[in-house]
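Notes follow once the structure below has been shown.
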Amino acid sequence: MTSQPVPVGEPVPLHRRSIEYEAFDAGESLLVIGRLRDSRPWAKGGHSIASVHDMELRVTVRISDMTITEASANMHTFPHAECPGIVQAFKDLAGLSVARGYTRAVQTRFGGPRGCTHLEQLARSIGPVVVQAVTSRRAQAVSLGLSTDLLSAGASPWARDSCHVWAEGGVADQKIAAGWRPGSGPYPSLPVEEIRKAGTGS
């Protein structure tokens with residue numbers, strides 16, 4: 001006969017996972033640091049293992065072509081003595097482009113028994129973080145008066161087909177055609193109809 005959990009009036013915290021990324025401007029490159037932590041809130045006080053995983057991934061990304069030039073992994077807390085034996089494998093992120101196809105390439109190289117599920121999860125999410133960091137870098141240039149546009153001159157929007165708003169020919173394209181530029185005007189940006197009206201002066 002299996003024991004049943006004791007009923008409680010309020011939900012009891014069992015597990016906490018936190019994933020955090022930070023991106024830093026390093027001139028021609030970005031330094032991105034990802035960290036994953038798993039903990040058991042109920043285990044505080046030494047009655048059981050409170051910290052289960054604490055793992056870190058660092059990558060340097062060349063901005064000009066969005067290619068990873070350097071990568072390193074570290075395990076601060078891990079369940080098995082053998083776990084850190086895989087960290088060197090994640091140096092092989094170097095050479096991958098974080099543009100389209102990146103997630104599949106990471107899964108192919110590090111998924112399942114070829115890697116560590118937690119470091120692989122950190123690696124998979126690096127791509128979107130880099131896109132946001134590049135956007136933030138451009139926004140900073142606009143705020144400092146070094147640029148007037150978040151879009152690269154003559155280039156397609158960096159978020160092309162990344163979501164329903166940025167679908168080709170979708171809302172964002174219509175706003176750009178009407179004169180809107182990312183980073184300008186109110187936030188969130190106005191509906192496309194209002195941007196069109198403002199552009200025609202009506």
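Some notes on this structure:
- 5 angstrom amide H check on A94, placed H, neighbours 5+ away: A71
- The lysines within cross-link reach of K175, meaning a Cα-to-Cα straight distance under 27 Å and a gap of 8 or more places when in the same chain, are K197.
- On the beta carbon distance between Y187 and D65, with R0 = 22 Å, the FRET formula returns roughly 0.15.
- Between Q140 and T77, the FRET efficiency estimated from the beta carbon spacing at R0 = 45 angstrom works out to 0.85.
- Taking the three principal axes of the alpha carbon atoms in the chain, the coordinate ranges are 74, 48, 31 Å, sorted in descending order.
- Span-like helix check, the chain: qualifying full DSSP H segments, with Cα axial length of 15 Å or more and mean Kyte-Doolittle of -0.5 or more, are 126-143.
- For F90, F24, order by how many other beta-carbon atoms lie within 10 Å, fewest first: F24, F90
- About its Cα centre, the chain has a charge dipole of approximately 140 debye under the convention of +1 per Lys or Arg Cβ and -1 per Asp or Glu Cβ, with nothing else charged.
- Based on the convex hull around the alpha carbon atoms, segment 27-85 presents an average projected area of 5.4 nm².
Throughout, read-outs are computed from the coordinates displayed, never taken from laboratory work. Here the structure is a predicted model, which is why all the values come from computation and not from measurement. Methodologically, a virtual Cβ is constructed for each residue, glycine included, from the backbone with ideal geometry; neighbour enumeration extends over all protein chains shown.
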